[in-house]
Every structure is written in C-alpha cells, then in structure tokens.
Amino acid sequence: MQLPHPRRRLMDRFFGLIEHPKLSDRLILRALLALVLVSGILYILELNQSYVLNTPSPGGTLREGIVGIPRFVNPVLALTRADQDTVSLVYSGLMRIDTNGELVPDIAESITLLEDGVTYEINIRRDVRFHDGTPLTAHDVVFTLNLIKNPDLKSPLRGNWNDALIELMDEYRLHITLNQPYYPFIENLTVGILPSHIWSRLPTEQLPFSQYNTEPVGSGPFMIERVTRNDSGLISGYLLSPSPYLNREPNLAHIELLFYQNETELETALLQGNIDATIFLPTARIATLDSAKYQTLTTPLPRVFAIFINQNRSPALRDLAAREALSAAINREELVNQVLAGYGVPITTPTVPLKSTLESEEAVLNTATTAVDILTAGGWVRNEAGLWQKRLGDGAETLSVTIRTGNSPQFERTAQLVAGWWRDIGVEVQVEQYEQTGLVQSVIRTRDFQTLLFGIDLNRSQDLYPFWHSSQRDDPALNIAQYTNVTVDRLLGEARASTDTSVITEKQLEAAAIITAEVPAIFLYAPSLVYVIDNRIKPAPLTALGRPSDRFMNITEWYARTEYVWPLFTR
C-alpha cells in the first residue's frame with residue numbers, strides 16, 4: 001500500500017484544523033489565511049508598481065493651429081509658416097535635427113565629406129518609400145536638388161545651392177560638390193525630398209500650379225489622409241496619419257492641422273478647445289492660460305525682426321542720417337515687453353546675440369532726443385508743419401515713411417509702437433497691412449515697399465550670406481533690402497569658404513558691424529519660440545532649432561497616451 005506524501009499529510013492536517021468543529025478555532029484560522037492571502041496580493045502589487053514603466057502607447061490626436069493658408073506644401077517652394085509646418089511633417093530630408101540638437105542622418109544612411117573638403121558622398125537608405133509606396137532613391141534626391149537650382153522655378157532655397165554640383169553616382173549614391181569649402185552647408189541637407197516619378201512629368205513653368213502642392217506625396221512620418229476646404233475653396237485643414245512605410249510607427253494616431261486667417265481666430269479656437277497646440281498665440285495672452293491645461297515651451301530661435309529699407313523707393317531714406325535717426329528713435333526693450341511679453345531679445349545688428357545689445361535703460365529712454373540730434377546734424381530742418389525736410393538732389397524731400405507689414409497682431413503692435421515713436425520726433429508715417437500670402441507675393445517678392453516690417457529666419461549657423469550678399473538681391477533670393485557692399489560680400493564669402501569656426505565667427509561679426517553702421521535695415525528684436533501645448537500631449541525636447549517648423553523633426557517620439565508595462569515588454 002502506498003503511503004501519503006508527507007507534504008500532503010501536512011496540508012490535510014492544516015485544512016483539517018480549519019474545518020475543526022470548534023467554531024472559534026475555525027474563525028481564527030480562516031482569518032489568518034485571509035491575512036496571508038491579502039498580504040501576498042499587496043506585496044505583488046507593490047512589487048509591480050516598483051518595476052513597471054509608464055511608457056508611451058499608440059493612439060491620440062494632436063490638433064495643431066496654424067495662421068495662414070497653405071499654398072506650397074512643397075519643400076522646394078515653401079515660404080510661409082503654414083507651408084513649412086506641413087512640409088516638415090509630410091516630407092523627410094537627408095538629415096534631421098535630433099532631440100540633442102545635432103544633425104543626424106534621416107533618408108541618408110551615411111554622409112561623408114571627402115578629403116578634398118568640398119565633396120559630400122551620400123549613401124541613401126534602401127528601405128525608404130514615398131507615401132504611395134514608390135521606393136525613394138538617389139534619383140529623387142538629385143531631381144529635388146537640381147530643381148532648387150533651376151532659375152526658372154525661383155525656389156527661395158536657390159541661394160543655398162547655386163554653387164553646388166549634384167551628381168548621381170548610382171541608384172543609392174550621389175555626390176554634392178561645392179566650389180569651395182563651406183562648413184555650414186550641411187545644414188541645408190534637411191530639405192525635404194520630392195518624388196521624381198510625380199514631379200518630373202510636369203514642365204517647370206507648371207510646377208507652381210500643380211495640385212500636388214496642396215495634396216502632397218512625401219516620405220515623411222505622416223501622410224495626408226484628408227483635405228478640408230472652406231466655402232471659398234481654400235484649405236482649412238489637413239488630417240494626417242502615420243506613413244505605413246516607417247521603420248518605427250509614430251505614437252500619435254493622427255495629426256490634424258487647422259489653418260486660420262489670423263491670430264485672433266486662432267486664439268478663439270484654442271480657448272474653445274478646438275486645437276491643442278500652437279506657436280501663433282500672441283505672447284501677451286500666454287499668461288492668461290490655464291496652467292493646469294496648457295504647458296508653455298520656449299526655446300531661442302535664430303530669427304531677426306527688422307524694418308527693411310528699400311532705398312530705391314525713397315530719396316529721403318537714401319540719406320544715412322535719416323536712417324540712423326529712425327533707428328535711434330525706437331525703444332527696443334519696450335518693443336520686447338509690449339509685443340513679445342518679454343519672450344525675446346532686443347537687437348541692433350543682423351545677428352541674434354545672447355543678451356541685449358542696449359547699453360542702459362537711460363540710453364533707451366533718451367533715444368528721441370538722440371534721434372533729433374542726428375537729424376539736425378545731418379542737415380534736416382523742420383518745416384512749418386513740424387516735419388523734417390532736407391534738400392536732396394533737385395528738390396526738398398520730406399521725411400515720410402510708409403511701413404508695409406503683415407496683418408498679425410505682432411506685426412500690428414510693432415508697427416503701431418514704431419510709428420508712434422517716429423511721429424513723436426516729427427516723421428510722417430503710414431502703416432499698410434497685408435494678409436500673409438499677399439505680403440509675400442505682392443510686396444516682398446516684387447520688392448514693392450519703402451520700408452517692410454518682417455522677420456527672417458537665419459539658419460542654425462546664423463549665416464548672413466543669403467540675406468546680405470549682393471548676389472542675393474533679386475527674387476526669389478532673400479536679400480530683400482537689396483543691400484550691396486563689396487567689403488561685406490568679401491567677408492561673407494570668406495566666412496563661407498572657411499572650415500575654422502573661429503574664423504567664420506570673426507568674418508560674420510565683421511560683416512555684421514558694417515551692415516549695422518550702414519543701416520539698410522532697422523533691427524528690432526529676436527523672439528523666442530513659444531509653443532503652447534495641451535498637457536496631455538508630450539512632445540520631444542525642442543533643442544537648437546533653426547526655424548519654428550523644426551519642432552516637428554522628432555514627431556515620431558511625441559505621444560498622447562501612456563500605459564504601464566514591464567521593462568521586458570517595452571519596444
């Protein structure tokens with residue numbers, strides 16, 4: 001006969017005790033058993049809480065509010081914020097900016113600067129596809145870059161690529177060769193790549209009119225799922241979904257881009273809960289937001305706001321004393337406080353400094369007197385109406401200024417303050433505001449202005465060449481003041497040719513000093529990027545951005561939902 005296992009006998013005796021006929025013993029033993037079970041469960045739960053991770057999970061939608069209507073969602077033609085923001089989500093470039101602010105390969109598998117110091121050898125990844133499933137190859141890269149160089153298309157990026165020779169080496173390899181070494185050139189490799197199988201079928205003159213400018217096919221992390229238009233047929237929104245061809249699917253299930261005519265409409269949409277995030281909210285309104293609902297992220301930008309002067313349209317503004325006086329009359333610290341709610345830096349040069357260039361508050365408060373002194377010393381006199389006049393050429397010219405600018409609250413408030421200070425010293429001033437697209441097409445591209453209040457985006461190296469070299473005077477290049485100076489041309493050329501960062505900085509600062517002294521523009525302030533976003537959305541760090549649209553460079557890492565998982569199961 002087989003004897004019971006000793007452990008079995010022990011358990012039988014234990015449960016036998018529980019079922020002991022004596023009621024008091026049964027209750028005590030059952031309570032002890034319940035205590036042991038509850039303690040074990042609590043211990044397991046505590047252990048679970050100690051070791052599980054709260055990780056991003058798929059799902060959720062980011063609703064982004066943007067001021068402006070997209071016209072060229074095309075990396076070769078994009079000029080407005082609405083275009084550039086959409087391009088950064090739909091297209092991908094050879095490189096991108098990572099969360100540490102460093103340039104890293106994106107479409108490219110590797111980028112090597114050869115021993116000659118001017119040739120970049122680029123190898124393309126073989127797993128990249130456009131949103132229609134077509135493989136992306138070196139042919140697409142070469143096509144896109146040569147399209148930028150095409151003078152008939154008038155790409156705003158052409159100035160960065162004019163001197164680059166683009167050569168196809170094989171299906172997944174190309175060379176880019178410069179005329180001379182140019183250390184910051186690699187920053188240009190973030191430009192989005194077009195699908196040549198779509199765009200090469202169109203004549204160059206028809207490219208700006210293609211429907212693919214507003215219904216784009218790219219290779220970026222998100223693709224266009226739906227286009228919404230208003231009653232006028234203008235685009236009012238895009239619904240984006242993740243590209244099915246990415247190595248790693250984004251956490252966000254959708255991004256909805258909603259476009260508004262002006263900042264007032266956008267602010268209303270934010271307060272009504274129709275959008276989750278925007279960089280277009282007037283900074284003065286940020287302090288009124290509910291911090292329990294919204295977070296505010298700020299980061300410096302190499303962006304310069306200035307009043308650009310077209311001396312060809314005003315004999316009075318060709319006079320240096322007049323330009324110096326207009327600059328001296330402006331209280332830049334007051335501009336930063338009143339217009340940007342303190343989110344920016346006052347500037348008097350074409351570069352973005354680390355701190356204010358103004359010497360003291362007392363000097364700022366006395367600028368009106370200084371401006372009058374400058375005009376008087378420059379031979380200007382007041383007429384019976386109190387306006388300044390001076391004999392220039394064949395007749396007397398009155399110092400009167402027309403400021404053309406955009407219709408956003410930031411531009412409007414800046415123009416109002418500047419106009420007020422100029423009127424205080426006896427200058428006749430008119431302000432004309434334009435819708436953003438109209439300002440770009442009818443005023444900036446045609447250089448049709450006396451003065452233009454506008455902002456320009458320097459790249460992360462703060463290269464002044466595209467904005468102040470004389471070769472960049474005509475549209476679509478970006479020297480909108482049509483400034484010409486032989487010495488500045490030489491310095492900017494030398495800065496571009498050097499690979500020594502200290503030499504580059506020295507040449508750029510020397511050129512900036514000459515530009516500042518000649519006053520082809522009146523520099524005002526450099527704003528910080530201020531991104532208002534719902535607390536439920538967790539963006540990637542915003543580090544060392546070149547322009548506002550760069551905030552989406554790491555969009556695949558953003559998330560709106562989380563889940564608790566053991567480390568073993570994290571992806």
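Just so it is clear, none of the values below were taken in a lab; they were calculated from the coordinates. It should be emphasised that the depicted structure is a prediction, and the values quoted were computed from it without experimental measurement. So basically every Cβ, Gly included, is an ideal-geometry build from the backbone, and we count neighbours across all protein chains shown.
Entry note, the chain: relative contact order of 21 percent, from Cα contacts under 8 Å with a spacing of 6+ residues.
Across all Cα pairs in the chain, the calculated P(r) in 20 Å bins from zero up to the longest distance comes to 18, 46, 22, 8, 5, 1, 0 percent per bin. Identify the residues of segment 208-241 with backbone N under 17 Å of a label point that sits 7 angstrom from the Cα of Ala253 along the Cα-to-Cβ direction, or state none. Answer for segment 208-241: 223, 225-226, 239-241.
For segment 76-101, backbone nitrogen atoms closer than 11 Å to the point 7 Å from Ala540 Cα along Cα-to-C-beta are found at 96-101. Taking other Cβ atoms within 10 Å as a rough exposure proxy, Arg173, Arg63, Arg551 sort from fewest to most as Arg173, Arg63, Arg551.
Membrane-span-like helices in the chain (whole DSSP H runs, Cα extent of at least 20 Å along the helix axis, mean Kyte-Doolittle hydropathy of at least 1.0): 23-51. Rounded, prolate or oblate: which fits segment 303-527 when a ≥ b ≥ c are the square roots of the eigenvalues of the alpha-carbon gyration tensor, with rounded for a/c under 1.5 and prolate only if a/b beats b/c? It comes out rounded by the Cα gyration axes. For Gly406, nonlocal amide neighbours, meaning residues 5 or more places apart or on other chains whose placed amide H falls under 5 Å from its own, are Tyr434. Extension gain, Val227 to Leu289, is 19.3 nm, computed as 0.36 nm per intervening residue step minus the present C-alpha separation. Each of Arg226, Arg332, Arg460 has some number of other Cβ atoms within 10 Å of its Cβ, and from fewest to most they run Arg226, Arg460, Arg332. Projecting label points 7 angstrom from Cα along Cα→Cβ for Asp152 and Arg473 puts them 2.6 nm apart. Charges were assigned to the Cβ only: +1 to each Lys and Arg, -1 to each Asp and Glu. The resulting dipole of the chain about its Cα centre is roughly 2000 debye.
The amide H of Arg96, built 1.01 Å from its N in the peptide plane, has Val104, Asp106 as neighbours under 5 Å, considering only residues 5 or more places off or on other chains. The label point for Ser210 and the one for Thr298, both projected 7 Å from the Cα toward the Cβ, are 4.2 nm apart. Spatially, segment 382-419 and segment 192-210 are offset by 43 Å when compared through their Cα centroids. Here the Kirkwood formula, the inverse mean of 1/r across different C-alpha pairs, assigns segment 71-208 a hydrodynamic radius of 15.4 Å. Pairs of C-alpha atoms in segment 219-290 farther apart than 14 Å represent 67 percent of all such pairs. For the peptides 84-93, 213-222, 378-387, 237-246, the ranking by mean Cβ contacts within 10 Å, running from highest to lowest, is 84-93, 213-222, 237-246, 378-387. Kirkwood radius, segment 400-521, all distinct C-alpha pairs, inverse of mean reciprocal distance: 15.8 Å.
Ordered by the count of other Cβ atoms within 10 Å of each Cβ, fewest first, Phe143, Phe209, Phe259 give Phe209, Phe143, Phe259.
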